[in-house]
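Reading through the structure tokens given below for one structure.
The values are calculated or read from the model by the stated rules, or taken from the named source; none is laboratory data. This one's a predicted model, so the numbers in the text were calculated from it and none came from an experiment. Here the Cβ positions follow ideal geometry from the backbone for every residue, glycine too, while neighbour counts run over all protein chains shown.
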């Protein structure tokens, strides 16, 4: 998985303002996200979720790991007894048998009021949990030696949630001229305690963790030749 540093977000925000992400990565599948959660950077940096085509206004650089969500559609999956990486210290590598659960929902719609006005709505929710049941010390010959308890201090389990909602109103009031009203909220949470109840996870995600953005922009196209005639008449 590629994690870029000081990545430009110029093309990923509605107004095309220059802003950089401290770190940036894209996820295209649940497997990508599970891979990302095993990286130390997800424990060291704040996570800033970014939906595909999001209506967002970035007024400054993002001091976080920006996760650009490219996963589409609705997906519910569960995989029991999956073998995966659990952690390491120096040359000691621990793998484990784990249950992996993934819930994802993506919804978007555009309502055209008339030929000049539209309302667009998009929301995304992604929740994944990884719960380890047994552990093995990976030996040099590739065989796992069973161990009773996880040997490191940090809990290897993972419970990860992302939420994005984008609501926009656009009005083309003159040729080449547009007014836009944009509202966006987003939230992300990551912890080591597994909560298997969907509603409880969503509630915990929203409590004190929801960011709100409201912006209004007006772009007016001025024809040079027409403006020149106005000046002459003046």
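The table below gives the values:
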{"item": "Members of the range 115-133 that are under 30 Å from residue 155 (Cβ atoms) and surrounded by fewer than 14 Cβ atoms within 10 Å (Cβ to Cβ)", "result": "133"}
{"item": "The range 68-79 - residue that is in contact with a helix residue (DSSP H, G or I) (Cβ under 9 Å, 6 or more places away or on another chain) and assigned to a loop (DSSP other than H, G, I, E, B) and, of those, modelled with the highest pLDDT", "result": "70"}
{"item": "Sole exception among (1) modelled with pLDDT under 85; (2) surrounded by 13 or more Cβ atoms within 10 Å (Cβ to Cβ) for residue 208, by number", "result": "(2)"}
{"item": "Qualifying position, being in contact with a strand residue (DSSP E or B) (Cβ under 6 Å, 6 or more places away or on another chain) and either at pLDDT below 85 or not in a strand (DSSP E or B) (or both), among 2, 65, 57", "result": "57"}
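Residues checked against (1) surrounded by fewer than 12 Cβ atoms within 10 Å (Cβ to Cβ); (2) under 30 Å from residue 132 (Cα atoms); (3) in contact with a helix residue (DSSP H, G or I) (Cβ under 9 Å, 6 or more places away or on another chain):
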site	(1), (2), (3)
170	no, no, no
181	no, no, no
187	no, yes, yes
194	no, yes, no
204	no, yes, no
212	yes, no, no
217	no, no, no
221	yes, no, no
227	yes, no, no
